[in-house]
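Values quoted throughout were computed directly from the atomic coordinates according to the rules given, and no laboratory measurement underlies them. For clarity, every value in this text was computed on a predicted model and none was experimentally measured. Don't worry about glycine lacking a Cβ; one is built from the backbone with ideal geometry, like all the others, and counts go over all protein chains shown.
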Amino acid sequence: MSLLSLRGLRTSIGQYAVLHDVSIEVPEGGVFVLLGRNGAGKTTTLRSVMGLWSPSPASVFFRGRDLSGMHTADIARLGIAFVPENMGIFGGLSVAENMVLATRTGQFDKSRLAYVQALFPALEKFWDSRAGSLSGGQKQMLAVARAIIEPRELILVDEPTKGLAPAIVDAMADAFAEIGQNTTILLVEQNFQFARRLGRDMAVIDDGRIVHAGSMAEFAANADLQDRLLGLAV
Amino acid sequence: MIGLIGKLGGVNLLPVAVMLVGLVLIGAPSSWVTLTVAGLAMGMMVFLMASGLSLVFGLMDVLNFGHSAFVSFGAFVAASVLAGLSGWLSAPSVLLNVAALALALIAALAFGLAAGLFFERVIIKPVYKDHLRQILITMGALIVSEQIILALWGGTPITVHRPAFLEGAWIIGDVSIEIYRGFAFALGLIVFAALYVMLNRTRLGLLIRAGVENREMVEALGFRIDRLFVGVFMLGSALAALGGAMWAGYQTLITPALGGEMMIVVFIVVIIGGLGSIEGTLLGALMVGLISNYVGFLAPKLALASNMILMMAILMWRPSGLRPAVK
Amino acid sequence: MTTTSTYGSIAVKLMVLLIAAALLFAPFLFQDVRSVEVAARICIFIVLVASYDLLIGYTGIVSFAHTMFFGFGAYGAAILLKQMGPGWGPVVLGGLAGIALSLVIAVAIGLLSLRVKAIFFAMITLAAASVALVLASQLSHLTGGEDGITYSAPDLFKPATKLLVDADGKVMKIAGVRMNGKIAAYYFVFASSAVLFALMLRLVGSPLGTVLKAIRENEARAEAIGYRVVAYRTFVFCISAVVASLAGTIYAVWLKYTGPETALSFDIMIDILLMVVIGGMGTMWGPVIGATLLVIAQYYLRDLMGVAAEAVSSVPVLPELLNPDRWLFWLGILFILLVYFFPKGIAGTAMEKGVRQ
């Protein structure tokens with residue numbers, strides 16, 4: 001059974017229908033990449049899973065459980081973490097406070113904290129600084145660190161490389177590869193070069209519909225397909 | 001120069017600047033001290049009334065135009081309790097005095113908590129995220145609340161009995177300080193300190209501060225902000241009622257128009273201070289309290305208008321207020 | 001909003017037509033002083049509420065300063081009529097002064113608050129309105145303070161003026177109604193209200209009305225398309241302020257008295273809110289229905305409540321709530337229920353019903 005299944009998901013924001021028919025099966029383990037152009041519906045898909053937009057009834061299943069209609073907080077409690085496109089950092093709070101908020105109890109698990117800090121050494125350095133004063137890359141690291149400070153089953157990540165310097169993108173890729181070893185990641189990307197390094201399975205969304213699904217290796221080898229679906233000039 | 005001001009506390013110094021300007025304009029130190037104490041006391045009472053409104057707005061983007069109903073109810077509930085216990089108030093025993101006052105304030109607080117719960121669940125919950133209807137509905141609730149107060153307590157002014165131990169004034173040289181004002185200031189300061197500790201030192205406060213910044217993200221981390229919000233709303237309502245109760249004792253003569261009058265001051269305070277932060281609210285409240293008293297002394301007719309002018313000036317300088325919450 | 005005509009929208013328009021006809025012939029239909037008083041008040045409030053609807057219904061922002069602008073117009077005319085004596089000069093000058101003051105303040109409030117947050121606007125207008133109210137009662141040498149100002153209207157409107165005379169030199173009667181200054185005053189109110197209402201109707205039908213609707217539906221999108229939302233909102237705020245001010249001037253001429261109770265008090269603001277919500281926001285027809293219903297209720301419902309209060313006088317609290325002075329209690333509850341269940345008001349709800357095949 002898939003960890004996350006979207007079955008004919010439709011989502012409207014106000015009076016605008018954004019998602020018309022999104023069906024994907026995200027298997028347990030590894031990184032699943034959802035590719036698509038700007039405005040194709042990638043972010044809306046993640047937000048619908050999280051319950052931040054209302055999905056159509058019986059369209060989102062996590063371990064077979066229907067998530068549609070559930071409150072965002074309850075969805076999160078099932079073990080789903082969300083790293084939004086704007087990173088969702090609390091800029092007025094310290095890095096430490098941002099991290100502690102992501103724990104259910106308000107207490108860090110010592111070894112887990114050490115693991116996360118080893119993954120993102122910059123965070124330890126700025127532990128007591130205001131999160132708002134971090135650089136873009138550091139904020140992104142904080143956002144990811146927050147998502148994994150306690151073990152989660154599924155992490156939804158929205159365009160983590162947007163606006164980051166190439167060196168930081170590399171560091172990010174390494175971190176996701178590491179995290180993906182014991183957590184499932186649903187990664188939304190426009191940056192294909194970044195995505196192909198990580199993804200095992202993938203799908204392409206366009207105009208609110210899934211237009212292609214398959215393995216990343218196959219897709220990466222098929223330049224025609226990439227050109228047709230993503231309009232990449234590579 | 002600007003760097004120095006920033007190091008000394010930046011906008012936090014504004015009330016001090018207002019005090020200094022007041023001293024220059026008023027001249028006589030003894031009048032100035034009296035007015036300053038009155039201004040600080042008023043500021044603290046207005047802070048009680050305004051803090052909840054500001055937090056509620058910051059956390060849930062809900063602006064409650066009916067907030068002043070809690071102030072009025074607090075005032076009238078406390079006045080009724082004090083009237084009922086008038087025997088205790090005039091008793092020579094300070095203990096009985098204190099007990100009567102405490103009961104009156106607790107009654108106002110309890111009423112505020114209950115009314116806040118009712119208001120949030122019945123009036124506001126159906127119109128989250130819809131500002132137009134929110135403003136209209138809460139305004140409608142305000143109209144109804146005022147009518148209930150008129151029906152229960154009548155339209156004629158009611159005298160508020162003060163406990164004996166808060167009557168009178170401390171005389172230091174040629175300066176006299178009303179004891180009640182000192183008490184109001186101290187109570188306000190304690191509430192501020194408690195709120196500050198709650199917001200900055202507890203996990204609940206951390207959730208509230210994070211929720212003010214980005215409600216969605218706190219929910220995505222697994223916390224029900226809407227449930228937290230009910231609590232904050234009730235707390236805010238209770239503080240408003242407490243502020244109203246203290247204000248009733250300060251005025252000693254109250255009418256149902258009290259809520260409406262204070263609402264304007266409260267709005268000006270939260271706009272000046274910046275919505276969503278209690279530090280900003282305290283700053284705004286102190287400045288409004290001081291300026292009201294100074295101008296009331298120097299040019300009585302301009303008292304309310306002066307607050308309006310202050311608000312306009314600050315909005316031109318900082319469109320989101322002095323210390324808005326980070327959004 | 002759909003433009004397809006429904007039986008409901010036809011019914012609404014018929015009702016408006018009926019109200020207009022009743023107002024046109026009011027002095028002949030209801031030949032007592034109180035009824036004509038009611039009819040004139042309805043005319044003024046239709047204009048006042050419609051101008052408020054321009055703001056709340058067509059831009060979705062809430063102002064609590066509408067009465068303030070109404071008051072500026074009323075006090076402008078009243079002060080000059082008092083100081084300069086009856087005549088058209090003071091009416092025109094006072095009206096213009098009211099408009100000028102309204103414009104200055106509307107621009108200041110609009111630019112200060114609309115660019116920050118729409119919710120600031122509601123709070124700031126409320127604060128401004130209460131400052132105006134306090135100033136009016138404090139500057140008593142100019143405004144008469146709490147007592148207000150009593151003055152004479154232009155000669156044409158004096159009851160002794162004979163508009164038409166019969167063969168004997170007495171005031172002519174048509175259908176039993178004396179053709180005196182009182183009739184002239186009523187038709188002055190009716191005609192100027194009708195003109196103002198027609199102008200507003202024209203405005204919402206123009207391209208500007210379309211832009212306003214676009215902004216109301218989706219502010220971010222309208223901004224993205226390139227509409228300058230703040231500029232449009234400030235502009236509409238100014239228009240609605242000017243119309244409110246003019247309505248105030250007309251009312252001042254009709255009443256021959258201006259005071260805080262008739263021109264500035266917050267009760268009038270509450271009346272306006274009730275009328276626009278009950279009638280229906282964003283339709284222009286709604287204000288006509290809302291104003292008519294509520295003014296009639298104000299004059300006649302209170303009598304009814306007095307009777308009801310008598311009837312339950314033995315029950316505790318209830319008579320107090322049925323006291324005619326407490327009628328706002330019931331209206332307030334009605335208001336809340338309407339905003340919950342029928343946010344489009346009578347006109348908006350009716351116009352959606354009965355879609356024609």
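Taking the Cα centre of the stretch C:7-352 as origin and assigning +1 to Lys and Arg Cβ atoms and -1 to Asp and Glu Cβ atoms, the resulting dipole is close to 800 debye. Take each residue of peptide C:58-65, count the partner chain Cβ atoms within 10 Å of its Cβ, and average: the result is 2. Taken over chain A, the convex hull of the Cα atoms encloses 122 Å³ per residue. Within the straight-line cut-off of under 21 Å between alpha carbons, the lysines reachable from A:Lys42 are A:Lys162, sequence neighbours fewer than 8 places apart in one chain being disregarded. Got a sec? Which residues in the stretch C:335-353 would a label at C:Ile10 touch, if it sits 7 Å along Cα→Cβ and we count backbone N under 16 Å? Residues C:350-353 fall inside that zone.
If the reach is capped at under 15 angstrom between alpha carbons, list the aspartates and glutamates near C:Lys213, excluding any in the same chain fewer than eight residues apart. Qualifying aspartates and glutamates at Cα under 15 Å: C:Asp53, C:Glu223. Under conditions of 37 °C and 0.692 mPa s, the stretch C:79-174 yields 195 µm² s⁻¹ as its translational diffusion coefficient, taking Rh as the Kirkwood radius over Cα pairs in the Stokes-Einstein equation. On the basis of the beta-carbon distance and an R0 of 45 Å, B:Phe118 and A:Ser215 show a calculated FRET efficiency of 0.20. In chain B, the calculated helix contribution to ellipticity at 222 nm averages -25000 deg cm²/dmol per residue, counting -39,500 (n - 2.57) for every DSSP H run with n ≥ 4. Is the C-alpha gyration tensor of the protein assembly as shown telling us rounded, prolate or oblate? Criteria: a/c under 1.5 is rounded; beyond that, a/b larger than b/c is prolate, otherwise oblate. Oblate. With the highest mean first, a sort of the peptides B:268-277, B:12-21 on other beta-carbon atoms found within 10 angstrom per residue produces B:268-277, B:12-21.
Peptide A:101-109 is shielded by partner chain Cβ atoms: per residue, an average of 3 of them sit within 10 Å of its Cβ. This model, with +1 at the C-beta of Lys and Arg and -1 at the C-beta of Asp and Glu, gives the stretch B:30-317 a dipole about its Cα centre of some 360 debye. Against chain A, whose longest principal axis comes from its Cα atoms, helix A:136-148 is set at around 90 degrees. Per-peptide packing, taken as the mean over residues of other Cβ atoms within 10 Å, places A:33-46, A:68-81 in the sequence A:33-46, A:68-81 from highest down. Ranked by the mean number of other Cβ atoms within 10 Å of their residues, highest first, the peptides C:41-51, C:262-272, A:22-32 fall in the order C:41-51, C:262-272, A:22-32. This ranking places B:Trp170, C:Trp254 by how few other beta-carbon atoms lie within 10 Å of each, fewest first, which gives B:Trp170, C:Trp254. The percentage of C-alpha pairs in the stretch B:248-316 whose separation is greater than 15 Å is 57%.
Applying 1/(1 + (r/R0)^6) with r as the Cβ-Cβ distance of C:Glu146 and B:Ala257 and R0 = 22 angstrom yields a FRET efficiency of 0.95. By the count of other C-beta atoms within 10 Å, a proxy for reagent exposure, B:Met45, C:Met281 are ordered fewest to most as C:Met281, B:Met45.
Ranked for footprinting exposure by Cβ neighbours inside 10 Å, fewest first, B:Val94, A:Val49 give B:Val94, A:Val49. Per-residue 3J(HN,Hα) values for the stretch B:278-286, derived from phi via the Karplus relation 6.51 cos²θ - 1.76 cosθ + 1.60 with θ = phi - 60°, read 6, 4, x, 4, 4, 4, x, 5, 5 Hz in sequence order (x marks Gly and Pro). Dipole orientation for the stretch C:7-352: of the candidates C:Tyr58, C:Pro207, C:Val229, C:Pro207 has the Cα lying most toward the positive pole (charges on Cβ; Lys, Arg +1; Asp, Glu -1).
Counting only DSSP beta bridges with both residues in the protein assembly as shown, the antiparallel share comes to about 60 percent. Taking every DSSP helix (H) stretch of at least 4 residues in chain A, weighting each as -39,500 (n - 2.57) and dividing the sum by the residue count yields a mean residue ellipticity at 222 nm of -10000 deg cm²/dmol.
Rounded to the nearest 500, the 222 nm mean residue ellipticity of chain C from helices alone is -24000 deg cm²/dmol, with -39,500 (n - 2.57) taken per DSSP H run of at least 4 residues. Peptide A:87-93 has a mean shielding of 6, counted as Cβ atoms of other protein chains within 10 Å of each residue's Cβ. Of the DSSP H helices in chain C, those with a Cα length along their own long axis of 20 Å or more and a mean Kyte-Doolittle hydropathy reaching 0.0 comprise C:7-24, C:33-59, C:66-84, C:88-113, C:118-138, C:181-205, C:229-255, C:285-311, C:327-341.
Would you mind classifying the stretch B:66-141 by shape? Square roots of the alpha carbon gyration tensor eigenvalues, ordered a ≥ b ≥ c; an a/c under 1.5 is rounded, otherwise it is prolate if a/b is larger than b/c and oblate if not. Cα axes put the stretch B:66-141 in the prolate bin. Taken one residue at a time, the phi angles of the stretch B:97-108 give Karplus couplings (6.51, -1.76, 1.60, θ = phi - 60°) of 3, 5, 4, 4, 4, 4, 4, 4, 5, 5, 4, 4 Hz. Gly and Pro are set to x. If only the Cβ of Lys and Arg carry +1 and only the Cβ of Asp and Glu carry -1, the dipole of the stretch C:207-308 around its Cα centre is close to 280 debye. Roughly what would the spin-label model give for C:Phe28 and B:Val98, points 7 Å off Cα along C-beta, in nm? The answer from the label model is 8.1 nm. Taking label points 7 Å from Cα along the Cα-to-Cβ direction, C:Tyr227 and A:Leu78 give a separation of 4.0 nm. The chymotrypsin sites (Phe, Trp or Tyr not before Pro) of the stretch C:150-207 include none that DSSP puts in a loop with a beta carbon having at most 15 other beta carbons within 10 Å. Overall, the anisotropy analysis places chain B in the oblate class: the square-rooted eigenvalues a ≥ b ≥ c of its C-alpha gyration tensor yield a/c not less than 1.5, with a/b not exceeding b/c.
Of all beta bridges that DSSP places with both ends in chain A, some 50 percent have antiparallel geometry.
In this simple spin-label model, placing a label point 7 Å from the Cα along the Cα-to-Cβ direction at both B:Ala17 and A:Asp207 gives a separation of 5.8 nm. Projecting the Cα atoms of B:Ile177, B:Phe165, B:Leu206 onto the dipole axis of the stretch B:162-227, where Lys and Arg carry +1 and Asp and Glu carry -1 at the beta carbon, places B:Leu206 farthest toward the positive end. Rounded to 0.05, the FRET efficiency of the C:Leu318 and A:Asp109 pair, given R0 = 60 Å and the Cβ-Cβ distance, is 0.45. Under 13 Å from a label point 7 Å along Cα→Cβ of C:Asp155: give me every residue in the stretch C:85-113 with its amide N that close. Once the point is set 7 Å along Cα→Cβ of C:Asp155, C:86-89 turn out to lie under 13 Å by backbone N, inside the stretch C:85-113.
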